Amino acid sequence: MDTLRHLSPLDRLLDSAQNALSTVLATPRAARANPGLDEPEVVLDEAERRHAAGLMRINHVGEVCAQALYIGQAAVAREPATRAHLLEAAQEETDHLAWCADRLRELDSRPSLFNPLWYAGSWAIGAAAGLRGDGWNLGFVEETERQVEAHLEEHLQTLPPADARSRAILSVMKDDEARHADNALAAGARVLPQPIPAAMAMMSKLMKAVAYRL
């Protein structure tokens, strides 16, 4: 994805299409070790397993959306520094995507059936934000990451107490998301008009309700 900063607009769109196929259809590969592997696996009862799987499916969808959002934004970013910032964040989101996919398999579950839809919608939102300018681009990064950080904290509180593996993964993800938001703010993120964060929160709530089961 680093090559995006040197490509033409058409090449960036083609690269975005390749990323979409890789994110939705392929097995993602993390650059960092899965933080859950240091925790012992425990046997959860059926209700706990379903609940943990539902939460991790939501988080997997969140990472699909983040990947699409940042790649869409990078495809139209005006400044190389902004594009580099977005691609760096997207790489860490790939780690998160791989970790969540690993945990879903361990929980004998699967990703959301609607991942292609989630990806397409998020890419379109990211590209639209990027076309408004780099300040808006970074503003979307900051707002997205603040909202994700908040829902990860909620999931950390509601996971089955014995599910240390999922908790370890979400804790690292939460720290990464907070850092992404701080970096976007430092790079010049604009404050989004209030209707936009509210609409983002409503869309996130709908996505989570669907992804928990499907």
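The values are calculated or read from the model by the stated rules, or taken from the named source; none is laboratory data. Small disclaimer: the values here were computed from a predicted structure and weren't measured. Every residue, glycine as well, gets a Cβ built from its backbone with ideal geometry; the counts of neighbours run over all protein chains shown. Note: accessible area is taken over every heavy atom of the protein model, side chains too, but ligands, DNA and RNA are not part of it. Shrake-Rupley method; radii C 1.70, N 1.55, O 1.52, S 1.80 Å.
General observations
- Being among the acidic types (D, E) and farther than 14 Å from L55 by Cα is a property that D134 has.
- Among all positions in region 184-193, there is at least one residue which is surrounded by fewer than 19 Cβ atoms within 10 Å (Cβ to Cβ), touching a residue at least 24 places away in the same chain (Cβ under 8 Å) and in a helix (DSSP H, G or I).
- Within region 123-137, restricting attention to residues that are assigned to a helix (DSSP H, G or I) and farther than 22 Å from A201 by Cβ, the residue that is most open to solvent (accessible area, probe 1.4 Å) is L131.
- Single condition P116 does not satisfy, out of (1) modelled with pLDDT of 90 or more; (2) surrounded by 21 or more Cβ atoms within 10 Å (Cβ to Cβ); (3) closer than 17 Å to L69 by Cβ: (2)
- Test for L37: is it at pLDDT 90 or above and over 14 Å from the mean Cα position of the chain (by Cα): yes
- Subset of region 144-172 [over 21 Å from V42 (Cβ atoms) and surrounded by fewer than 21 Cβ atoms within 10 Å (Cβ to Cβ)]: R146, Q147, E149, A150, H151, E153, E154
Residue-wise test of (1) surrounded by 24 or more Cβ atoms within 10 Å (Cβ to Cβ); (2) over 24 Å from V172 (Cα atoms).
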residue: A52; (1), (2): yes, no
residue: N59; (1), (2): yes, no
residue: G72; (1), (2): yes, yes
residue: G121; (1), (2): no, yes
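- Filter result (among the acidic types (D, E) and either over 17 Å from the mean Cα position of the chain (by Cα) or under 15 Å from A98 (Cα atoms) (or both)) within region 160-175: D163
- Hits in region 84-100 - residues which are open to solvent by 10 Å² or more (accessible area, probe 1.4 Å) and either touching a residue at least 60 places away in the same chain (Cβ under 8 Å) or touching a helix residue (DSSP H, G or I) at 6+ places or on another chain (Cβ under 7 Å) (or both): A84, H85, Q91, E92, T94
- Test: residue in region 199-208 that is crowded, with 16+ Cβ neighbours inside 10 Å, in a helix (DSSP H, G or I) and aliphatic (A, V, I, L, M): yes
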